[in-house]
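Right, one structure below, let's go through it.
The values are calculated or read from the model by the stated rules, or taken from the named source; none is laboratory data. Note that this is a predicted model, so its numbers are computed, not measured. Cβ placement follows ideal geometry from the backbone for every residue including glycine, while neighbour counts extend to all protein chains displayed.
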Amino acid sequence: MNLRVAILFPALPLVLALAGCHSHPFHETTAQARVEQRATEATEREQMEMVPPPMKSRYMAVHDEGSWQNPLITVQPGMLQLQVTVADANPSPIGAGGMLRPVRAREQELNISLDKLGDAMTAIPTSAWPYGRVVAMDEARKTPKKAEPQVRRNMEAAIGELNDLGIVVYDLKDGMVR
């Protein structure tokens, strides 16, 4: 018995030191990551406050994607598709939307991951928000049945993040605000 104690006793401080080394920095890293995440969220919220608040009188009458002028998000199983229509640089109403200045030429589509949604929203120029801080959101068409739960989870997560940024989510089909 004394032989076992004599063998195990010198190894005990080494085991305790190794266990202690791994637990403390991990705790500091997660705490530091949380602090950095909160700082990033606060910065994104501040940047979104530069966009005017949503104007229900302007967007509640729109019920199709073709007429929607603010950013539009299509939720897919593995990503989000963000469609942004940049404002016309020419202030003259002459020829607006015509053959020389088509609206489609000012549309941009980006595929982003859910964790980059805040960065993408803050990167959109203020001129691309004619209705204020409101985005339209829709599920991807022709989603396979087995991917529908993932699309729903992504949609709920995206709505939560957008609401945290002060952005209203509008369902074009139902006319509901989330």
Touching a Leu at 6+ places or on another chain (Cβ under 7 Å), in a loop (DSSP other than H, G, I, E, B) and at pLDDT 95 or above - does that describe any residue in the stretch 67-77?
yes
Across the stretch 131-178, what is the number of residues that are in a loop (DSSP other than H, G, I, E, B) and of a type in the set (A, V, I, L, M, F, W, C)?
4
So, first residue modelled with pLDDT of 75 or more in the stretch 97-111, second residue assigned to a loop (DSSP other than H, G, I, E, B), Cβ within less than 6 Å, six or more apart or across chains; the pairs are 106/86; 111/79
